[in-house]
Every structure is written in C-alpha cells, then in structure tokens.
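So the structure is just underneath, and the comments pick up after that.
Just so you know, all these numbers are worked out from the coordinates, no wet-lab data involved. Values in this document were obtained by computation on a predicted structure and should not be read as measured data. Neighbour counts run over all protein chains shown; Cβ positions are idealised from the backbone, glycine included.
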Amino acid sequence: MLLELTIKNFAIIEDLQVEFSSGLNVLTGETGSGKSIIIDALSMVLGDRASKDIIKKGKDFAYIEAIFTNYSERLSSIFKENNIEMGDLIVISRDIRQDRPSITKVNGRTVPASILVKITDKLIDIFAQNENTSLMSQSNQRDLIDSFGSAEHKNNLSLLEIKVKGLNRLIEEFQEKSKSTLDKDREIDLLKYQIEEIEDANLTDKDDSDLEERYRFLNNISGISNNIQESVTLLKSSYENISIEDMMDKLISLITEILDTSKDLEPYYNELEDIRYRLKEVSHSLESYLNSIDYSEEDLVNLESRINLVNNLKKKYGNSVNDIYKYLDKTKSRYEFLNNYEKEMKSLEDEISKEKNECLKLAKKMSEERKSISKKFEEKIQKELIELNIKNAEFKVEFREKPLSQDGIDDMEFMIVTNIGEDFKPLSKIASGGEMSRVMLAFKSILAEKDEIQTLVFDEIDSGISGITAQIVGNKIKKISNCRQVIAISHLPQIVSVADSHYVIEKFQDENKVISNIRKLSRNDRIKELARLIGGINITQTALKAAEEMLTKEGE
C-alpha cells in the first residue's frame, strides 16, 4: 500500500506531501490544478523516464519519494539479489538534477531502472484511459489467459519453452550439417590425414616442455661436461702442491694438535670436519654425474626432429598437447559423422520428428486448457460489462492456430461487441472513450481477484460517462477498494461520494509563480467540493443539499 508521497520542485508543485489511507482515495480539483502532474510524478518515481524539463522553473533539482508498506514475499528475492535492505517499509526516491543524471534509490540503495521496474511492478498498477496498450497486445492477452491456468498448465508452459528451445537447436544442427557436407569426400580425406598425422605422433605431456629442456641440455653437453670436470679437478687436483681436500686435511690436523689444550676450539673443529666431509661428498657426486652422461650426436638429431614435429602439430592444431588432442576428438567425431552421413542425418531427422511430436502434443494440451480458461474468462468479463452498464456487450477470445513456437500453437485475440447488430471486433477498435474505460475497469476487477498488487491508480478513467453509468462505475471502483488500495482522480460526484478519503488539489498564484498543493478534506469541505462538482463555480444551496445527501447515503 502507498502510505506517503512527497514531491518537490516538480512542474508547478513546489513542496507537496500527502499521506494516503487504505480503501478508496479520491483526488479532485479544477482543471489545470495539477491532478495529472501528481500521477506523472508518481509514475516517474516508479520507473518512467525522467526528463529535466519537469524541474520547476528557477530550481536546480526535483525530488520525488514514495513510501510503501512491505507486504509481498515475492519482492524478497529481488531485494536479496540486489543487496537491498528489506524492512517493514519500502522507500523509493528519485533525485533529478540539472547538472547530472537522475539517481533512483530503493531503501537507500541506488538501483538501475531495470531493477526498479521489477520492484514497482509488484507494488502498484497505474491505469489511465489512454494507457491501455498492454491489453491491446495479443501476446499480453495470451499471458493474461495463462495467468489464470492451473499449476500444471503453468508447468507445461515452462516445459514447452524448454522443449521448443531444444527442438530449435536440433533443427539448427541439422541445417548446419546439411550445409557443411557439400564436398563430403574431400573433407573426409582431409580429416583422415589430420587424424593419422596426430595419432602417428604419439604425443605425451612430456612433449610440451621436457623436449625443449632435453634439447638445450644435449646441445650444450660439451660445455656442461667441461665445467663439471674442471670443478672436480679443483676439488681433487694439486694447486702449488696441495689440493682443496689436502688443505682441509692439513687444517683439521693443526686444530687437532691443540684441541686438548684449548677446548674452546672444539666447535670449529667439528665444523671443519663437516665441511671436509661435504666437500668429499660433492666431489664424489660430480664424478658420478659426469660418468652418467650418455650422449651421442644421433640423440641430438633425433631430439631436434621430434621438436620440429611437435611444433608443427601445435602450429596446425593447438598451442599445447592437450589442445591438439581436443582437436583430434572433434575431428574424429566429424569424420565418423561424414562416414556415416546418411545414417547420422536419418537419426537426427528421427530425433527432430520425435521432439516435434512431443512439443505439438504438449502445445495442443495447453491450447485445450487455454480454451477452457477462456470460456470462464469470457463469462466473467461479460458479467462485469453488463454490471458496468454495457448491456448489449458480448466478449469472446478468438483462437487461430499458428506454427509451433515456445508459447504454443495459439494466436489469441480479445474480441468485443458493444452494440446490437455489430460484428465482433478487436478490443483495440473500441471507439468510445467511455466504453473503453468500463472495459478496462472490467478487466481490472477480475485481475484484482488474483494478483497481489495492493495499490491501483485510476487516472480519470471515468471520462465519457455520466448519470447512472457513473454511479455503477463508482460502485465498481468502491468494490475493488474493499481488497485493494485505490487512488482515483475523478470529476464525477457519483464516484467521489463513495471515497473513504477525499483530497483536493488546488492551484495558487503567489507573486510571480504558480503553486499546486493538496489537502485532505473534512466532511464539511467534502460537501463543498461535491457541490462544486455538481453545480459548477456558483455553489447553490440545492447543490450543497444534494452533496450532503450523497455523502449521507454513502455512510459519511
């Protein structure tokens, strides 16, 4: 439910705040007072495109804020997905500036228009007489009928969408394979060559890095051997009649001689012993490594040939051995397909035929369900139209079969007759504004029974009606307000008199500017405003008495 609306610097509104109540809220006011501007502001905070032109002259910003009670579990997932805090209230604000893009926030968090619309679509529905395009769309009409379906029907809708997508993928695959087999024999030869070339190479993971490392080693084997040999020589051979090992032996011997008389030298002695041992061990290991080197010129030539082979395959089929084998798998699959082309295509055709039959079976079941739903829907709309004083109205849902698609095989269109002797025509062809208002109200009445949207806004949908029809429309709107909050802009006394809360929008001239304001009316003020609607500018005692009687009749 919409609790509060705040509007600042919007068109002729400078600073306006209004608190709405449950039930039926009616807004009245003279022409040009700003009634529709309030609805425009509400629409903008709910997600309509923001234009800087609406900023009040002389101001650099406009601000709109709408506060709703949080009643719907359906919103929780949207809030969680977008890290929006969820509380007892939902506060939506829009700040429109001259020097920057507008900013929209939900509970203090900035949100893009796409997320805002997902939220507000579940909070409020605004309907004006000239805003009936959604029900004119045949796809929306089909969605409306589907919304009245059972859980099984809705599951079938989802299942059909999945199955038709799968069917379309199979058809695309069939078409693609059909196109790509124009030169089948030549492609088979090429694929066979590629498969043999990769398989004959017997590639392993070592071919990715170990080959290059081994090649670098063998290519530098002479230098490696020389360096190791020289290292061993330095460790073991004499230099000026003494080797490094001999030097260590001599050093340890000298320390040993004085160890008895100087115990403090014992740690150094131990460390020297360890160094001597490790030097001997290194010397032995280097000699073993040198003796283990197995090298021949033939090894180097073979290795170089292997590297060229692997690099050539990588250049053709992938940057690594793993990539090459992936390419091999795809090539084998394509090779098998082409070698068994007729069999494969027949199998694919059979699968397409099977899937299409299953989709058609499901679509026909859905079509039967839609026709059953439509019969009940027709009866409900017919009843509503008669109650709304379109006594000769007839309504039907016309079905035409169309090619299978994700939404089934039904082309559907709402058709109506409003006068005796006329033929059925599409809903969009209704000429009378008054008739269109009542037809849309009939739809809203039925939809109010099933959807969870708690706030409905009617912007002068009573245009073009009067007398008893106005009374009937007022009663219908009042009935809807028993289970939903309704906000209605109206000029008809018959509708205004049944309101639970009545607000008047007034326009004032203040120095060189025009200001629009809104206030909630007391009973006495309501009588005066109703009298104005009944009698015009000159309010007579007769008009006042009639207005008081209307309110008394409605329980005021």
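With neighbours defined as other Cβ atoms within 10 Å of a residue's Cβ, the residues VAL26, VAL321 order from fewest to most as VAL321, VAL26. Bridges between two residues of the chain, per DSSP, are antiparallel at a rate of about 70%. Taking the longest Cα principal axis of the chain as reference, the axis of helix 35-45 is set at about 10 degrees.
Under the simplified labelling scheme, the SER21-LYS376 pair shows an inter-label distance of 3.6 nm, with each label point 7 Å from Cα along Cα→Cβ. Our estimate of slack between LYS354 and VAL417, defined as 0.36 nm per intervening residue step minus the Cα-Cα distance, is 18.4 nm.
Spin-label pair PHE424-ASN392: with each label point 7 Å from Cα along the Cα-Cβ axis, the two points sit 1.9 nm from one another. Under the rule a/c < 1.5 gives rounded, and otherwise a/b versus b/c splits prolate from oblate, where does region 7-134 land using the Cα gyration tensor? Since a/c reaches 1.5 but b/c is at least a/b, the shape of region 7-134 is classed as oblate. May I ask for the net charge around ARG94, where only other residues with Cβ less than 14 Å from the Cβ of ARG94 are counted and Lys, Arg are +1 while Asp, Glu are -1? Overall, the nearby charge balance is +3. Of VAL486, VAL106, VAL417, the sequence from fewest to most neighbouring Cβ atoms within 10 angstrom is VAL417, VAL106, VAL486. A dipole drawn for the chain from +1 and -1 charges on Cβ atoms has a positive end, and of SER501, MET440, THR469 the residue lying farthest that way is THR469. Size descriptors for the chain, from the alpha-carbon set: Rg then Dmax equal 43.7, 141 Å. Among HIS284, HIS491, HIS502, a tally of other beta-carbon atoms within 10 Å of each Cβ gives an order, fewest to most, of HIS284, HIS491, HIS502. Each peptide in 77-84, 532-539 receives the mean, over its residues, of other Cβ atoms within 10 Å, and ordering these scores from highest gives 532-539, 77-84. Net charge of the neighbourhood of GLU19, taken over other residues with C-beta under 14 Å away and scored Lys/Arg +1, Asp/Glu -1, is -1.
Measuring between alpha carbons in the structure, the pairs from LYS35/LYS520; LYS56/LYS105; LYS383/LYS479; LYS57/LYS507 lying more than 19 angstrom apart are LYS56/LYS105. Can you tell me the 0 to 90 degree angle between the C-alpha axis of helix 467-480 and the longest principal axis of the chain, rounded to 10? Once rounded, one gets 40 degrees.
Using C-alpha pairs below 8 Å separated by at least 6 residues, the relative contact order for the chain is 23 percent.
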